[in-house]
Amino acid sequence: MKRLFTMVLPLLLTACGDASLGGNGNNPQVGSLPLSIIEPADNPSTNEKIALGRMLFWDPILSGNEDVACATCHHPNVGYGDNLDVSMGVGGLGLATERVSGALVLRNAPTIINTAYNGIDEDGNYDPSATVMFWDNRSVSLEAQALDPIRSLEEMRGEMFTEEEILPEVVFRLSQNSEYISMFTDAFGDSTINEERIGKAIAAFERSLIANNSPFDRYARGDNSALSQQQIQGLNAFIDAGCNACHSGPMFSDFQLHELPVDSNHKLVSEGISDNGVNNTFRTPSLRNVELTAPYMHNGTVKTLREAIVFYDDMANPGGDPDISQLDFEDVDAETIDAIEAFLRSLTDQDFDKSIPESVPSGLNPGGNI
Ligand code: HEC
Ligand code: HEC
């Protein structure tokens with residue numbers, strides 16, 4: 001079988017004359033994303049299913065008070081995240097940093113671009129029906145994940161419905177809508193509307209949000225001119241330091257949970273909300289399109305990309321993760337930090353679907369009250 005992705009081999013990294021891998025040669029490699037995605041056997045993508053999923057993603061009919069859509073917090077204008085430290089759901093008004101007075105969500109909204117590849121290992125293998133979702137890996141597969149925000153009190157459900165009531169209510173609403181009935185029929189072959197099909201359609205839409213042709217991808221596939229000298233220097237520094245002990249593979253994530261000494265978010269603390277993840281651990285976030293999704297970390301307490309890099313400089317051993325104590329990143333100079341920042345920006349691919357529907361079948365505002 002033809003390999004559709006490329007790993008950056010140590011030899012490729014000698015472009016700036018630095019062949020040393022800083023003793024981190026045992027860490028997993030990083031590399032380009034595959035050009036195609038793997039779909040679950042029971043949910044092949046079709047144009048009709050993606051079109052339906054896109055409507056469901058934008059339509060606030062999925063929320064209890066019909067005021068919040070998936071796109072409220074995963075909006076293409078802000079890289080399919082929301083640029084807030086932690087998201088604001090039910091009852092809120094406005095988009096991204098303009099958003100006010102919504103219910104506070106525990107965590108920072110990750111981008112959903114490239115979530116089709118979640119779980120991919122350094123050899124390019126992953127099982128789309130078993131792939132982990134969320135900062136604590138608590139949900140498995142895009143299909144299952146898509147129903148979680150609808151059930152969540154703060155994100156979409158609101159006070160009007162219980163967790164048990166909300167999905168039957170959403171199915172009922174969609175079943176009353178002739179446009180949805182015809183879209184479900186086109187997508188699934190008959191007019192049945194149920195929770196499983198909602199999850200499948202949204203997942204198929206999410207799998208269409210791909211950005212796999214960043215300058216770094218082109219470099220890893222052999223175009224030596226795709227990165228600047230500074231970016232190549234940054235890539236080398238990233239590997240020398242051992243960042244790829246965790247930020248590895250084509251998504252720059254091992255999809256494992258780690259403990260890092262991230263500050264508490266004072267906004268949450270003052271509301272009496274605490275979030276310890278799973279024993280203080282959170283999943284290594286992908287660094288794909290990271291430039292677009294500030295602020296950073298599970299609770300958004302790190303404001304800029306530069307701050308996120310400096311965070312690792314001289315990090316006190318949290319007594320948690322051995323990969324952190326092995327980081328070779330103490331007292332790095334400003335030039336190296338600049339180079340790593342330039343390299344992380346080379347992981348940006350702006351060529352993803354940014355289209356916003358003019359209307360959704362419910363007639364409500366696409367994206368909710370934004
Ligand atoms: C109120 C804001 C908000 C809304 C609305 C929302 N999300 Fe999210 N989304 C988040 C936050 C915050 C997280 C991280 C939550 C966590 O890790 O516990 C997240 C995580 C995700 C992830 C996991 C990504 C990953 O790499 O692990 C996916 C996929 C996702 N959302 C899709 C959706 C879909 C589909 C909908 C609509 C059905 C939706 N979201 C509605 C805020 C929101
Ligand atoms: C031990 C594993 C590990 C190592 C080594 C590591 N990281 Fe991370 N990184 C993580 C985890 C886990 C998070 C999220 C932590 C949290 O939110 O609690 C993270 C977050 C980040 C973020 C923020 C991304 C976002 O979307 O919020 C950036 C940028 C980043 N790391 C860059 C680096 C760089 C640069 C290095 C090397 C100097 C590095 N990391 C080394 C595990 C690691």
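Structural remarks
- For Gly81, the residues whose modelled amide H falls within less than 5 Å of its own, excluding neighbours fewer than 5 places apart on the same chain, are His75.
- GNM flexibility winner over the chain from Gly272, Gly242, Gly64 (Cα, springs under 10 Å): Gly272
- The residues packed around Ser225, meaning those with a beta-carbon under 14 Å from its beta-carbon, carry a net charge of 0 if Lys and Arg are +1 and Asp and Glu are -1.
- Only Lys, Arg, Asp and Glu carry charge here, each on its Cβ (+1 for the first two, -1 for the last two); on that basis the range 47-207 has a dipole of about 240 debye about its Cα centre.
- Note on Lys49: aspartates and glutamates with a C-alpha under 12 Å away, same-chain residues under 8 apart excluded, are Asp186, Glu206.
- At most 13 other Cβ within 10 Å, DSSP loop - chymotrypsin sites (Phe, Trp or Tyr not before Pro), the range 262-370: none
- Along each principal axis, Cα extent of the range 91-164, largest first, Å: 44, 32, 16
- Compared with the alpha-carbon gap, the fully stretched path from Ser355 to Thr97 is longer by 90.9 nm at 0.36 nm per residue.
- Working note: Karplus 6.51/-1.76/1.60 with θ = phi - 60° gives the range 144-157 the couplings 6, 4, 4, 8, 4, x, 5, 6, 6, 3, 7, 6, 9, 6 Hz, where Gly and Pro are set to x.
- The chain: most fluctuating residue of Glu143, Glu98, Glu39 per GNM, C-alpha cutoff 10 Å: Glu98
- Helix content alone sets the calculated 222 nm mean residue ellipticity of the chain: runs of n ≥ 4 DSSP H residues at -39500 (n - 2.57) each, divided across all residues, give -8000 deg cm²/dmol.
- Stokes-Einstein D (µm²/s) once Rh is taken as the Kirkwood radius of the chain over alpha-carbon pairs, at 4 °C in 1.567 mPa s: 61 µm²/s
- Nearest-ten-degree value, helix 178-188 long axis tilted from longest Cα axis of the chain: 50 degrees
- Separation in nanometres of the label points that stand 7 Å from Cα toward Cβ, at Asn224 and Asn365: 5.4 nm
- The orientation-averaged shadow of the Cα convex hull for the range 62-221, equal to a quarter of the hull surface, comes to 10.9 nm².
- Amide H contacts under 5 Å for Gly249, placed H, 5+ residues apart: Gln29, Val30, Gly31
- Other residues whose C-beta falls under 11 angstrom from the C-beta of Ile37 contribute a net charge of -1, scoring Lys and Arg +1 and Asp and Glu -1.
- Taken as Cα centroids, the range 205-283 and the range 86-135 sit 14 Å apart, rounded to the nearest whole angstrom.
Since every read-out is calculated from the coordinates, none of them should be taken as a lab result. No experiment lies behind these values; they were computed from the predicted model shown. Backbone-built Cβ (ideal geometry, glycine too); neighbour counts: all protein chains shown.
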